[in-house]
Amino acid sequence: MIVINDKDLPITVAEKIVSAKKTYDASPALKAITKAITNEDEPKEDMFSLDEIKEIADYLIVYYKSNENGD
């Protein structure tokens with residue numbers, strides 16, 4: 001889960017999106033290995049793929065372009 005706080009700078013929000021992780025359903029063996037190596041109960045993977053991050057960026061650019069003149 002990503003939490004964006006009221007006083008977060010834009011670069012902080014971008015960093016939160018880029019570095020966000022999520023847990024996934026893993027085998028008991030992988031969970032045990034993850035616990036042994038990282039001391040976390042569940043293995044994690046990136047929340048967004050590179051293609052999804054580009055899609056978010058594209059949405060932001062479209063929003064910016066449609067509002068840059070104060071419309």
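Just a few scattered comments:
- Enumerated helices (runs of 4 or more DSSP H) restricted to the chain, each holding at least 1 residues that are in contact with a helix residue (DSSP H, G or I) (Cβ under 9 Å, 6 or more places away or on another chain): 10-19, 50-67
- Residue check for Lys54: under 16 Å from the mean Cα position of the chain (by Cα) and within 30 Å of Asp6 (Cβ to Cβ): yes
- Among residues of the stretch 38-60 that are free of Cβ contacts under 8 Å to residues at least 24 places away in the same chain, those with a beta-carbon under 6 Å from a residue that is part of a loop (DSSP other than H, G, I, E, B) at least six positions away or on a different chain give the pairs Pro43/Ala26.
- Any hit, the stretch 10-25, residues being out of contact with any Asp or Glu (no Cβ under 8 Å at 6 or more places or on another chain) and at pLDDT below 90: yes
- Restricting attention to the stretch 35-59, the residues that are exposed (fewer than 12 other Cβ atoms within 10 Å of the Cβ) and aliphatic (A, V, I, L, M) add up to 3.
The values are calculated or read from the model by the stated rules, or taken from the named source; none is laboratory data. What you see is a predicted model, and the numbers here were worked out from it, not measured in a lab. Please note: Cβ atoms are built from the backbone with ideal geometry, for glycine as well, and neighbour counts cover all protein chains shown.
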